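Report on the structure given below.
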Amino acid sequence: MSTTATARRFFDEVWSEGKLDLVHELFAPDYIGRPDRHAEETVRGPEGVKEYIGRLREGVPDLIMTVEDQVAAGDKVATRWTAQGTHDGKLVGIEPTGRTATVTGITIQRFGADGRIVEAWTNWDLLGMLHQLGVIPQQA
């Protein structure tokens, strides 16, 4: 399977469909992820990926990730994505608002020789999401 196909499975099947059982197939045991430039959090290993995604899907159970574009070079795949869902559960310490939000982001994944993801960096519009959820006011 190509690296772009593996990256797409991550977004389509793991994020959108919640198939967390696929994580061990797609991620190397020594995986390190940096899911947000704003947070100190580092995700480690497949179990860390499952915990992180599971926690976010609890806050947004109808979450859908749409792959907008992908570019591959060497051992890396960059994916530009859009996420949409309704904030119906606790999310990053924020009580449910019942509001729907749409955010965009880019994830760069590095692949190992066995075709599994060994490292990733994500940059996404956290501020935009917080505005849409009404957690922080938009400036005039």
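The values are calculated or read from the model by the stated rules, or taken from the named source; none is laboratory data. Computed from a predicted structure; not experimentally measured. When we count neighbours, we look across all protein chains shown, and the Cβ atoms used for this are built from the backbone with ideal geometry, even at glycine. Just so you know, the surface numbers come from the protein's heavy atoms only, side chains and all, with ligands and any DNA or RNA stripped out. Shrake-Rupley method; radii C 1.70, N 1.55, O 1.52, S 1.80 Å.
Rundown of residues vs (1) assigned to a helix (DSSP H, G or I); (2) closer than 23 Å to Leu127 by Cα; (3) in contact (Cβ under 8 Å) with a residue 12 or more places away in the chain, yes/no style:
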| site | (1), (2), (3) |
| --- | --- |
| Phe11 | yes, yes, yes |
| Val23 | yes, no, yes |
| Ala28 | no, no, yes |
| Ile32 | no, no, yes |
| Glu41 | no, yes, no |
| Met65 | no, yes, yes |
| Ala72 | no, no, yes |
With the requirement that a residue be touching a Gly at 6+ places or on another chain (Cβ under 8 Å) and open to solvent by 60 Å² or more (accessible area, probe 1.4 Å), what does the stretch 82-99 give you?
Asp88, Lys90, Val92, Pro96, Arg99
Hey, can you tell me all the residues within the stretch 120-138 that are in contact (Cβ under 8 Å) with a residue 24 or more places away in the chain and under 13 Å from the mean Cα position of the chain (by Cα)?
Ala120, Trp121, Thr122, Asn123, Trp124, Leu126
Picked from the stretch 43-54 (must be in contact with a helix residue (DSSP H, G or I) (Cβ under 7 Å, 6 or more places away or on another chain) and outside any strand (DSSP E or B)), the residue surrounded by the most Cβ atoms within 10 Å (Cβ to Cβ) is Val49
Surrounded by fewer than 17 Cβ atoms within 10 Å (Cβ to Cβ) and in contact with an Asp or Glu (Cβ under 7 Å, 6 or more places away or on another chain) - does that describe any residue in the stretch 55-62?
yes
